[in-house]
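A.B. asks: Here you go, one structure.
The values are calculated or read from the model by the stated rules, or taken from the named source; none is laboratory data. Keep in mind it's a predicted model, so treat the numbers as computed, not measured. With ideal geometry, Cβ positions are generated from the backbone for all residues, glycine too; neighbour counts draw on all protein chains shown. Accessible surface areas use protein heavy atoms only, side chains included; no ligands, DNA or RNA. Shrake-Rupley method; radii C 1.70, N 1.55, O 1.52, S 1.80 Å.
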Amino acid sequence: MTLVQAASLLRTRQISAQELTTAFLERIQRLNPIINAFITVDHEGAMQAAKQADARLNNGTATPMTGIPIGVKDLFCTENLTTTCGSKMLAQFRPPYESTVTRKLKEAGAVILGKTNMDEFAMGSSNETSFFGPVKNPWDISRIPGGSSGGSAAALAAQLALATIGSDTGGSIRQPAALTGITGLKPTYGRVSRSGMIAFASSLDQAGPMAWSAADAAMVLHTIAGYDPLDSTSIQADVPDYVNALATRMDGIRIGIPTEYRPDNLNAEIQKALTEAEQTFRDLGASLVPISLPHTRYAIPTYYIIAPAEASSNLARYDGIRFGYRCDDPKDLKDMYTRSRNEGFGAEVKRRIMLGTYVLSSGYYDAYYRKAQKVRRLIADDFHQAFQHVDLILTPTTPTTAFPLGDKIDDPIAMYLSDLFTISVNLAGLPAMSIPCGADQLGLPIGMQMIAPILKEDKLLSAAHAFQTATPWHQRKPEP
Ligand code: GLN
């Protein structure tokens, strides 16, 4: 059942929110021990929210999201509900306030089932850096679901929620969406409030919906998007009606195909799926235009300077005093700082803090950080140039399908390359989406990425909806 279908059954009172929530909680109880998609399941809170949802559905104050059971990545602060960010550092953290995203969802009447697993502080592409253990891909539990929003992706693929919320700093919504066969949207930077989202790299982080279809994602985005005075980088622009903007044809739409995203050595099955998708778009009335994004090859090195730099600054607050884990029996103040951070953070987070502190240090700042900011502008300019000629850009989402657990965890560079196709979008602040477009020989999902100009989420969703109306890929589900 999709979110749109469930919303209609709730509205016509063919099912109650309490029945729906109970069904999902039971499924989570049965399958979460295998998949590990949720870190925290909030049985009591969910049942209470479902009860309130039923009251609203009965008294005419319901929204389309009222009674919809969802999962939220464990980096959105939820008042009095543990928010770990996948880290030992915050394993006991109960936020005293609510993130804007979760507040909006609660106000709309959505039922938060729990908090989903993730790479520690959203650093990773496989969900293996979580302090709470790796998430398994429901298509093959010996494989990773992608990351860092791997729990949010796997929860959907295993049908443990009707929609989930992820965050994307360099690909963390789109890459796991591709590897688990679901639909994920990273909005324009500033479209969704970052207030109450635990920060990784503040100039890149953005929250967005993960769902079964573009139509479902449109409903969730409509609920969470909008200006927020609590976030100084929030965009002051009206939220369009994403649901009513959905189209089934693409006549007159020009889709750019960047040569840099089709290397000769691209995985043949992904290449084939993309070629078929291009034909579907032509059949829907779109035209395809070759384009170039010449600075693409600098995206990964640029990101791995800027993101760690911002992370080293953001993560300085976890000192064992105001925030976070504190070591036992410290000898003195310095010992407490050192051991608390040493014991509280995992290896990948420490690697990023060291890298970030290095590129920000005096003497290296100009050579690395300032230079990276300049290259970032060139990467963004490539897109702005391209969008003079095309409405959307189509690329693969990932260079491979889901890889086996353990395959890349000891090789950070190999892991970083998982985001080859997604990272430029964050550097440019653009909205982008991954939707399923095929399967490899093993039946593992293949995703494609569509990128749009700033604030054109409606165009993205519309194209994705047209594609999903014409193809069955988003309806494939793993064997139970
Ligand atoms: N995999 C990338 C990283 O580790 C992106 C993560 C993200 O988008 N949060 O930084």
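A.B. asks: Could you list, in sequence order, all residues of region 158-174 that are outside any loop (DSSP other than H, G, I, E, B) and within 7 Å of the ligand (Cβ to nearest atom)?
C.D. replies: Of the residues in region 158-174, the ones outside any loop (DSSP other than H, G, I, E, B) are 163-167, 174.
Matches in region 158-174: SER167 only.
A.B. asks: State yes or no: is THR233 under 30 Å from HIS295 (Cα atoms) and more than 16 Å from the ligand (Cβ to nearest atom)? So that I can check it myself, show each step before the final result.
C.D. replies: Details: under 30 Å from HIS295 (Cα atoms): yes; more than 16 Å from the ligand (Cβ to nearest atom): yes.
Criteria met by THR233.
A.B. asks: For TYR298, state whether it is in contact (Cβ under 8 Å) with a residue 60 or more places away in the chain, more than 22 Å from LEU392 (Cβ to Cβ) and open to solvent by 70 Å² or more (accessible area, probe 1.4 Å). Can you show your working first?
C.D. replies: On the way: in contact (Cβ under 8 Å) with a residue 60 or more places away in the chain: yes; more than 22 Å from LEU392 (Cβ to Cβ): yes; open to solvent by 70 Å² or more (accessible area, probe 1.4 Å): yes.
Judged against the criteria, TYR298 is a match.
A.B. asks: So, of the residues in region 93-122 that are assigned to a loop (DSSP other than H, G, I, E, B) and among the acidic types (Asp, Glu), which turns out to be farthest from the chain's Cα centre (by Cα)? Walk me through how you get there before you give the answer.
C.D. replies: Our first condition is that a residue be assigned to a loop (DSSP other than H, G, I, E, B); within region 93-122, this holds for 93-99, 108-110, 117-119.
Now restrict to residues that are among the acidic types (Asp, Glu): 98, 119.
On the way: GLU98: 19, ASP119: 12 Å.
Once the filter is applied, the top-ranked residue is GLU98.
Each row is one residue, and each column tells you yes or no for (1) under 24 Å from LYS459 (Cα atoms); (2) modelled with pLDDT of 95 or more; (3) acidic (Asp, Glu).
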site: LEU266; (1), (2), (3): no, no, no
site: PRO290; (1), (2), (3): yes, yes, no
site: TYR298; (1), (2), (3): no, yes, no
site: ILE321; (1), (2), (3): no, no, no
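A.B. asks: Here are the criteria: (1) assigned to a loop (DSSP other than H, G, I, E, B); (2) away from the ligand (no atom under 16 Å from the Cβ). Tell me which single one SER125 does not satisfy.
C.D. replies: (2) is the only condition that SER125 fails.
A.B. asks: Please go through region 176-201 and pick out each residue that is part of a loop (DSSP other than H, G, I, E, B) and in contact with a Lys or Arg (Cβ under 7 Å, 6 or more places away or on another chain). Talk me through it step by step, then tell me what you get.
C.D. replies: Within region 176-201, the subset part of a loop (DSSP other than H, G, I, E, B) is 181-182, 187-191, 193-196, 198-201.
Selection gives GLY181 alone.
A.B. asks: Also, I was wondering about something else. Working only within region 142-153, note down all residues that are more than 11 Å from the ligand (Cβ to nearest atom) and out of contact with any Leu (no Cβ under 8 Å at 6 or more places or on another chain).
C.D. replies: If the condition is that a residue be more than 11 Å from the ligand (Cβ to nearest atom) and out of contact with any Leu (no Cβ under 8 Å at 6 or more places or on another chain), then GLY151, SER152 are the ones that fit.
A.B. asks: Now, a different point. Restricting the first residue to region 195-213 and requiring it to be more than 13 Å from the ligand (Cβ to nearest atom), which pairs with a second residue that is aromatic (Phe, Trp, Tyr) and open to solvent by less than 20 Å² (accessible area, probe 1.4 Å) meet a Cβ separation below 7 Å and a spacing of at least six or different chains?
C.D. replies: From region 195-213, the pairs are GLY196/PHE76.
A.B. asks: Here is a follow-up. Yes or no: ALA55 touching a residue at least 12 places away in the same chain (Cβ under 8 Å), of a type outside the set (Lys, Arg) and farther than 25 Å from ASP168 by Cα?
C.D. replies: Numbers: touching a residue at least 12 places away in the same chain (Cβ under 8 Å): no; of a type outside the set (Lys, Arg): yes; farther than 25 Å from ASP168 by Cα: yes.
When the stated conditions are applied, ALA55 does not pass them.
A.B. asks: Scan region 378-424 residue by residue and report those that are buried (at least 18 other Cβ atoms within 10 Å of the Cβ), within 16 Å of the ligand (Cβ to nearest atom) and either without any contact (Cβ under 8 Å) to a residue 60 or more places away in the chain or of a type in the set (D, E, K, R) (or both).
C.D. replies: Selection gives LYS408, ASP419.
A.B. asks: While we're here: Looking at (1) over 30 Å from LEU3 (Cα atoms); (2) buried (at least 20 other Cβ atoms within 10 Å of the Cβ); (3) of a type in the set (S, T, N, Q), find the lone condition where THR223 falls short.
C.D. replies: Only one criterion in (1) over 30 Å from LEU3 (Cα atoms); (2) buried (at least 20 other Cβ atoms within 10 Å of the Cβ); (3) of a type in the set (S, T, N, Q) is unmet by THR223, namely (1).
Per-residue answers, yes or no, for (1) among the hydrophobic types (A, V, I, L, M, F, W, C); (2) closer than 23 Å to ALA178 by Cα; (3) open to solvent by 10 Å² or more (accessible area, probe 1.4 Å):
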residue: VAL111; (1), (2), (3): yes, no, no
residue: LYS115; (1), (2), (3): no, yes, no
residue: GLY124; (1), (2), (3): no, yes, yes
residue: PHE131; (1), (2), (3): yes, no, yes
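A.B. asks: Which number in (1) modelled with pLDDT under 95; (2) buried (at least 22 other Cβ atoms within 10 Å of the Cβ) marks the one condition that PRO480 misses?
C.D. replies: (2) is the only condition that PRO480 fails.
A.B. asks: When you check ASP216 against the structure, is it away from the ligand (no atom under 16 Å from the Cβ) and crowded, with 24+ Cβ neighbours inside 10 Å, yes or no? Before you say what the answer is, go through the steps one by one.
C.D. replies: Working: away from the ligand (no atom under 16 Å from the Cβ): yes; crowded, with 24+ Cβ neighbours inside 10 Å: yes.
Taking the combined requirement at face value, the residue satisfies it.
A.B. asks: Sticking with this one: Would you tally the residues in region 353-377 being open to solvent by less than 60 Å² (accessible area, probe 1.4 Å), within 16 Å of the ligand (Cβ to nearest atom) and either touching an Asp or Glu at 6+ places or on another chain (Cβ under 7 Å) or more than 26 Å from TYR261 (Cβ to Cβ) (or both)?
C.D. replies: Here the count works out to 3.
A.B. asks: Any idea which of ILE182, ILE165, ILE141 is open to solvent by 10 Å² or more (accessible area, probe 1.4 Å), touching a residue at least 60 places away in the same chain (Cβ under 8 Å) and aliphatic (A, V, I, L, M)? Outline the logic, then answer.
C.D. replies: Numbers: ILE182 fails: open to solvent by 10 Å² or more (accessible area, probe 1.4 Å); ILE165 fails: open to solvent by 10 Å² or more (accessible area, probe 1.4 Å).
It is ILE141.
A.B. asks: So, TYR261, is that one among the aromatic types (Phe, Trp, Tyr), modelled with pLDDT of 95 or more, open to solvent by 20 Å² or more (accessible area, probe 1.4 Å) and within 25 Å of the chain's Cα centre (by Cα) or not? Can you show your working first?
C.D. replies: Details: among the aromatic types (Phe, Trp, Tyr): yes; modelled with pLDDT of 95 or more: yes; open to solvent by 20 Å² or more (accessible area, probe 1.4 Å): no; within 25 Å of the chain's Cα centre (by Cα): yes.
Criteria not met by TYR261.
A.B. asks: Working only within region 23-62, note down all residues that are open to solvent by less than 50 Å² (accessible area, probe 1.4 Å) and not hydrophobic (A, V, I, L, M, F, W, C).
C.D. replies: ASN32, ASN36, THR40, ASP42, GLY45, ASP54
A.B. asks: State whether one or more residues within region 60-70 are part of a loop (DSSP other than H, G, I, E, B), out of contact with any helix residue (DSSP H, G or I) (no Cβ under 9 Å at 6 or more places or on another chain) and not β-branched (Val, Ile, Thr).
C.D. replies: Here is the first cut: in region 60-70, the ones part of a loop (DSSP other than H, G, I, E, B) are 60-68.
Filter again for out of contact with any helix residue (DSSP H, G or I) (no Cβ under 9 Å at 6 or more places or on another chain), leaving 60.
Next, only the ones that are not β-branched (Val, Ile, Thr) stay: 60.
Yes, region 60-70 contains at least one residue that is part of a loop (DSSP other than H, G, I, E, B), out of contact with any helix residue (DSSP H, G or I) (no Cβ under 9 Å at 6 or more places or on another chain) and not β-branched (Val, Ile, Thr).
A.B. asks: Output the strands (runs of 3 or more DSSP E) that fall wholly within region 204-315 and possess 2 or more residues being of a type in the set (Val, Ile, Thr), or say none. Before the answer, list the steps.
C.D. replies: Numbers: elements: 207-211, 254-258, 287-291.
By residue number, 254-258, 287-291.
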